[in-house]
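The structure appears below as structure tokens.
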Amino acid sequence: MALSRRSSRTGRSRFTLLLLVLTSITVLTLDFRGSGAVDDVRGAAATVFGPVRDAGAWVGRPVADAWNGVFGYGDLRSENEALRERVAELQSQDARAEAALEQIDALNELNDIADWTALPTVTARVSGGSLSNFEHTVQLDKGSDQGLAEGMPVVTGAGLVGRLTMVTGSRSVVQLVTDPDWRWGVRFARSQEVGIARGTGEGRPIVVDQGVDIAVDVNRNEPVTTSGFGDSVFPPDIPVGRVTELGESPDQLSQVVTVEPLADLDQLAYVRVLRWTPPP
């Protein structure tokens, strides 16, 4: 019975194909002869064989898409690579623009130095950090070729950074104010009292633990500057920081004052070196 049905379907398919061919020949003949009945025959043929044509197109469409996908892959890959390169280029331009703006901001901040000193300066870029884990230093890209010398103060627009301790032709090293191994003079803005400051380590505040009598009135948030007193390693009136904590020495005869530096020593990009030499 199944064989009979397959034979019947095969016979119908062959008959349909034969009818389609004969009809096409007839339409072409009538059309060639200019018969007016050709339009009617064309319409009837379209009605009868339209589904067959649509089915063929539906079956063939995936094949055409696959063909285009296989043989057009090279073009698509080239376009994707071009787009990726363009995106990367735009991202690079954006990053460079952002970096340039940050540099401009950092340089503009240095202009605030004019508010508290008239000393000549040399602008330098921070090119590296400490040479070892035991040093509290940064490196600059300027040196004696630009007129720098050991002992010159280093500042930002906010305030004191440190002093030059090693200078070569094109490089120099800055000892930061947070270094615990050296002391220097400071002055409290309100009382004009002079004390001796020292660093307490990287990322930590400055401590004034010598010279401030217990009776001196020191306030929190009080500005602190360099003293410039006697043989000070810094000229006077460079902003240093603000008072954050007050305490007493173990003998209760003097104060221990904690000062937060104004200069952001962890984010140094550009600095200015004051062309000032400490007294011998």
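The values are calculated or read from the model by the stated rules, or taken from the named source; none is laboratory data. Keep in mind that this is a model prediction, so the values were computed, not measured. Note that we place each Cβ from the backbone using ideal geometry, even for glycine, and neighbour counts take in every protein chain shown. Ligands, DNA and RNA are stripped out before the accessible areas are found, and what is left, the full protein with its side chains, is counted by its heavy atoms. Shrake-Rupley method; radii C 1.70, N 1.55, O 1.52, S 1.80 Å.
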Between the modelled labels at Asn219 and Ser170 (7 Å from Cα along Cα→Cβ) the distance in nm is 5.1 nm
What does the highest-first list of 211-218, 146-153 look like by mean Cβ count within 10 Å? 146-153, 211-218
What does the convex hull of the alpha-carbon atoms of the stretch 229-280 project to on average, in nm²? 5.8 nm²
Under 5 Å between amide hydrogens, which residues at least 5 positions from Val126 or on another chain qualify, with H placed 1.01 Å from N in the peptide plane? Tyr270, Val271
Residue separation between Asp181 and Leu90 times 0.36 nm, minus their alpha-carbon distance, gives in nm 27.9 nm
Within the stretch 115-239, what whole-number % of the accessible surface is contributed by carbon and sulfur, with the 1.4 Å probe and all protein chains included in the calculation? 46 percent
The alpha-carbon pair-distance distribution computed for the stretch 133-206, with 10 angstrom bins and whole-percent values, is 19, 45, 28, 8, 0
Long-range HN-HN contacts of Trp184 with modeled amide H, under 5 Å: Ala197
Can you tell me the FRET efficiency between Glu135 and Asp251 if r is taken as the Cβ-Cβ distance and R0 is 35 Å, rounded to the nearest 0.05? 0.60
If the chain between Arg275 and Glu260 were fully stretched, how many nm would it gain, using 0.36 nm times the residue separation less the Cα-Cα distance? 2.9 nm
